[in-house]
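**Q** The structure that follows is given in the form of structure tokens.
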Amino acid sequence: MGNPADPKIRFTLSSTELRALATLVEDQLFRLKFIDPKIPGHKNDPEQMRAAESALATLKESLQAKKAIVSTFHSPLVRKPS
């Protein structure tokens, strides 16, 4: 995803931070698609839109991967009554 010529940046986020960031990106993308075009003088930037959609997809994939890892390795313990 994204431009192959762009350098990749790696960083670490907690799952809570990742969910918060994904929510912010999704809200911003909604604004770019539906609200900003109605503002007088708005200039559409297709490259920014593609980058935002790519970023959101990457964040969502990371969240899904995290859910899969957690459910695979951290199944809840079931205790039998004594």
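Taken together, the values in this text are just the output of simple stated rules run on the coordinates, not laboratory data. The structure presented is a predicted model; accordingly, all values stated were derived computationally and were not measured. No Cβ is skipped: glycine too gets one built from the backbone with ideal geometry, and neighbour counts run over all protein chains shown.
**Q** Taking the criterion of being of a type in the set (Asp, Glu), more than 16 Å from the chain's Cα centre (by Cα), in a loop (DSSP other than H, G, I, E, B) and surrounded by 12 or more Cβ atoms within 10 Å (Cβ to Cβ), would at least one residue in the stretch 40-59 satisfy it?
**A** Pass one, the stretch 40-59, residues of a type in the set (Asp, Glu): 45, 47, 53.
When the remaining residues are screened for being more than 16 Å from the chain's Cα centre (by Cα), the result is 45, 47.
Those still in the list that are in a loop (DSSP other than H, G, I, E, B) too: 45.
When the remaining residues are screened for being surrounded by 12 or more Cβ atoms within 10 Å (Cβ to Cβ), the result is 45.
Yes, the stretch 40-59 contains at least one residue that is of a type in the set (Asp, Glu), more than 16 Å from the chain's Cα centre (by Cα), in a loop (DSSP other than H, G, I, E, B) and surrounded by 12 or more Cβ atoms within 10 Å (Cβ to Cβ).
**Q** May I pose another question? Are any residues in the stretch 19-39 closer than 15 Å to residue 54 by Cα and either part of a loop (DSSP other than H, G, I, E, B) or not acidic (Asp, Glu) (or both), and if so, which ones? Even if it seems obvious, please write down each step before you answer.
**A** Our first condition is that a residue be closer than 15 Å to residue 54 by Cα; within the stretch 19-39, this holds for 21-30, 32-33.
Residues satisfying the conditions are 21, 22, 23, 24, 25, 28, 29, 30, 32, 33.
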